[in-house]
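First comes the structure, then the notes that go with it.
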Amino acid sequence: EPEVTQTPSHQVTQMGQEVILRCVPISNHLYFYWYRQILGQKVEFLVSFYNNEISEKSEIFDDQFSVERPDGSNFTLKIRSTKLEDSAMYFCASSDNQETQYFGPGTRLLVL
Amino acid sequence: AQSVTQPDIHITVSEGASLELRCNYSYGATPYLFWYVQSPGQGLQLLLKYFSGDTLVQGIKGFEAEFKRSQSSFNLRKPSVHWSDAAEYFCAVVPRGNMLTFGGGTRLMVKP
């Protein structure tokens, strides 16, 4: 069964550094999403992406965040200058019809 | 305000006992409704979903959920819990179209 994959599974970085989280969505899916889950809190929507542009973003998704689909398979989330409060589990999801989203295993980001 | 509530943060049941996890939503119209499960160290796996039609939906791993419009609820049930069901369960809604809004989650523990 096709699935969403994410790399790395864990990332530790210093405050102020840039990180890029990578996702490979399910191959025939057209809608892509990033969510995050701060430890002990709800899963929160960050951004959705379709047809090479952002279709919706939350207030969390400020100027330090960006997303890109650099080629036909990868979907990336970049955090330009990480802050301590960016420490969280980041989930990528994809969908073929905007109705059902399938999630990857997540990347646990720790900012020191 | 639009919201998803899972009133039970933790639930403990004995193996073989029945299970019901509660979910209530607050939206103007009936959204699309989902249950996801997150096992330790894993991503979010879709258990089942409701869009329209029959209000009792069957999912994977023996789970089912019932949509009750009058109560704005979408409770998850399983007649006989297995130790491997220990995980965190998330109810989520999509008003229409784009971002998933998650409840706070219910952590299920299973006693032998």
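The values are calculated or read from the model by the stated rules, or taken from the named source; none is laboratory data. Predicted model only: the values in this text are computed from it and were never measured. Methodologically, a virtual Cβ is constructed for each residue, glycine included, from the backbone with ideal geometry; neighbour enumeration extends over all protein chains shown. Keep in mind that these areas ignore ligands, DNA and RNA; they rest on the heavy atoms of the full protein, side chains included. Shrake-Rupley method; radii C 1.70, N 1.55, O 1.52, S 1.80 Å.
Pop the C-beta distance of A:Ser58 and A:Asn28 into the FRET formula with R0 = 25 Å and round what comes out to the nearest 0.05.
Details: r = 26 Å, r/R0 = 1.06.
According to the calculation, E is roughly 0.40.
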Q) In the P(r) worked out for chain B, what percent of Cα pairs fall beyond 23 Å? A) 22 percent
Q. What's the carbon and sulfur percent of the protein assembly as shown's accessible surface, probe 1.4 angstrom, rounded to a whole number?
A. 48 percent
Q) To the nearest 10 square angstrom, how much accessible area does B:Ile60 have with a 1.4 angstrom probe? A) 70 Å²
Q. Under the definition of Cα pairs under 8 Å and six or more residues apart, what whole-number percent is the relative contact order of chain B?
A. 38 percent
Q: Grab the beta carbon distance between B:Ala29 and A:Asn51, set R0 = 30 Å, and tell me the FRET efficiency rounded to 0.05.
A: 0.70
Q. Using the heavy atoms of the protein chains alone and a 1.4 angstrom probe, what is the accessible area of chain A per residue in square angstrom?
A. 51 Å²
Q: Provide the per-residue ³J(HN,Hα) series for the range B:47-64, in order, calculated from phi with Karplus coefficients 6.51, -1.76, 1.60 and θ = phi - 60°, each as a whole number of Hz, with x at glycine and proline positions.
A: 8, 6, 8, 10, 10, 6, x, 3, 7, 9, 10, 9, x, 7, 6, x, 8, 9
(Q) Could you give each residue of the range A:56-73 its phi-based ³J(HN,Hα) in whole Hz, using Karplus coefficients 6.51, -1.76, 1.60 with θ = phi - 60°, and x for Gly or Pro? (A) 7, 9, 8, 5, 5, 7, 8, 5, 7, 9, 8, 10, 7, 10, x, 8, x, 10
Q) Across the range A:100-112, in residue order, what do the Karplus-derived ³J(HN,Hα) couplings come to in whole Hz, using 6.51 cos²θ - 1.76 cosθ + 1.60 with θ = phi - 60° and x for Gly and Pro? A) 10, 9, 10, 9, x, x, x, 10, 8, 9, 10, 9, 9
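Whole number in Å², please: accessible area per residue of chain B, 1.4 Å probe, ligands, DNA and RNA not counted. Can you show the working numbers first?
On the way: 5230 Å² over 112 residues.
On a per-residue basis, chain B sits at 47 Å².
So what is the orientation-averaged projected area of the protein assembly as shown, using the convex hull of its C-alpha atoms, in nm²? Walk me through the numbers before you get to the answer.
Details: hull surface 50.5 nm².
Here the figure is 12.6 nm², rounded to one decimal.
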Q. Semi-axes of the range A:5-95's equivalent ellipsoid from the Cα gyration tensor, sqrt of 5 times each eigenvalue, largest first, rounded to whole Å?
A. 20, 14, 13
Q. Roughly how many whole Å is it from the C-alpha centroid of the range A:8-44 to that of the range B:1-47?
A. 22 Å
Q. Considering the dipole of chain A built from charges on the beta carbon (Lys and Arg +1, Asp and Glu -1) around the Cα centre, which of A:Ile54, A:Val4, A:Tyr31 is farthest to its positive end?
A. A:Val4
Q: Kindly state, to the nearest 0.05, the FRET efficiency for B:Ile60 paired with A:Ser73, given R0 = 25 Å and r defined as their beta-carbon distance.
A: 0.40
Q) Between chains B and A, what is the buried accessible area summed over both chains (1.4 Å probe, protein heavy atoms, nearest 100 Å²)? A) 1700 Å²
